[in-house]
Amino acid sequence: MTTTDMPRPLDGDPKRPAAKKRPHRAATGGLRRAIAPTTLLWIVACLYGFPVLWFVLSSFKPSSDLFSYPLTLVPHNPTLSGFKAAWDSANFSQYFINTALVCVITTILTVGVSCCTGYALAKYDNKWLKAFFICILATTMLPGEVMLAPEFLVVRNLGLYNSFAGIILPAVLTATGCFMFRQFFLTVPDELVEAARIDGARELAIFARIMVPISRPIMLTLAILSFQWRWNDYIWPLLMLNDPNKFTVQIGIQSIVGAQNINWSVLLGASVISMIPLILVFLVFQRYVMGADINAGLKD
């Protein structure tokens, strides 16, 4: 056997291969690089979360402790008197039913209309559709207050004043919803639609059986946003509703505020009560949005 056939000795300890050092160094470097952005995110989260935490904890304080110095974050004598007084001082059960009715119907219609509109804008080549899309986008460049007067005149002339339909109808078509669905359907290959047409599927079947199922993440995202928009809507219901039995939650909270004095304990309790449905909706539907693969069933 020549010397060239002899195995060449390895450098260093054979029990510790050099290849294992690289992942450790890479992990250490990645951990160091993540410290700064993680710290920044924690600071931003604290800046956003601290006022909300102060607001929620203040709702458990008695009125005498809200503005007593020194100010404290945690209530020394927590009480639910503000929540009870808020619930008893206003017809909150009816307000919740009215608001839930408006939010659910508006959300269903908004998602359905936005899905149909976005699909037509993305998959059909028509100059009038393009002009319609530009008109929809133009509405986002105007302040909402500018459109209140013409919308109010139209709804009143339709005989929908002081009705839930007057609140729901103007909110069905949103530029944000149409834009979200249009951008999503633009990512769907046209070959998928052509293949379905070759197989004999009609346009309605292509939309209902192919496009609607794959757009589920967008539908859920828009549903959460739409529900939040309608639940927190204050100006439009205030203009449209005159009957106290049809008031929504936000108008009900405003009715608690007196002309001269404000009972902050009751107002804080009412505000926290109005947040509970939104938090529940988010907790229930967030896993469907965050856990969904938005590109499921698609390929480049």
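The values are calculated or read from the model by the stated rules, or taken from the named source; none is laboratory data. Bear in mind the structure is a predicted one, so any value in this text is a computation, not a measurement. Ideal geometry is used to build each Cβ from the backbone, glycine not excepted, and the neighbour counts take in all protein chains shown. For the accessible areas, the whole protein counts, side chains as well, though only heavy atoms, and no ligand, DNA or RNA atoms are used. Shrake-Rupley method; radii C 1.70, N 1.55, O 1.52, S 1.80 Å.
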DSSP loop (so not H, G, I, E, B), at most 13 other Cβ within 10 Å: list which trypsin sites (Lys or Arg not before Pro) in segment 187-246 pass both filters.
202
Set Lys and Arg Cβ to +1 and Asp and Glu Cβ to -1, take the dipole of segment 83-203 about its Cα centre, and tell me which of 107, 148, 178 lies farthest positive.
148
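Excluding same-chain pairs closer than 8 in sequence, count the lysine pairs in the chain whose Cα atoms lie under 29 Å apart. Don't skip to the answer; put the middle values down first.
On the way: 61/84; 84/246; 123/299; 127/299; 130/299.
Step by step, the pairs that qualify in the chain add up to 5.
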Label corresponding to mean projected area of the Cα convex hull in nm² when calculated from the structure given, among (1) 30.7; (2) 35.9; (3) 25.5:
(1)
For the chain: accessible area per residue (Å², 1.4 Å)
65
Can you compute the modelled spin-label distance between residue 132 and residue 116, with each label point 7 Å from Cα toward Cβ, in nm?
1.0
Under a GNM of the chain (C-alpha, springs under 10 Å), which listed residue has the highest mean-square fluctuation: 97, 167, 262?
262
For segment 180-277, the percent of accessible surface on carbon and sulfur atoms (probe 1.4 angstrom, ligands and nucleic acids excluded) is 58
Once phi for every residue in segment 269-283 is put through the Karplus expression 6.51 cos²θ - 1.76 cosθ + 1.60 (θ = phi - 60°), the whole-Hz ³J(HN,Hα) values, with Gly and Pro written as x, are x, 5, 5, 5, 4, 5, 7, 4, x, 5, 5, 5, 4, 5, 5
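First compute the accessible area of segment 100-175 with a 1.4 Å probe, then give the percent of it belonging to carbon and sulfur atoms.
Working: 3200 of 4290 Å².
That share works out to 75 percent.
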In sequence order, what are the phi-derived ³J(HN,Hα) couplings for segment 182-197 according to the Karplus relation 6.51 cos²θ - 1.76 cosθ + 1.60 with θ = phi - 60°, rounded to whole Hz, with x for glycine and proline?
4, 5, 5, 5, 5, 7, 7, x, 5, 4, 5, 5, 5, 4, 5, 5
Residue-by-residue Karplus 3J(HN,Hα) for segment 165-178, coefficients 6.51, -1.76, 1.60, Hz, glycine and proline x
4, x, 7, 6, 4, x, 9, 5, 8, 10, 5, 5, x, 4
Over the chain, what is the relative contact order in whole percent, taking alpha-carbon pairs under 8 Å and six or more residues apart?
29
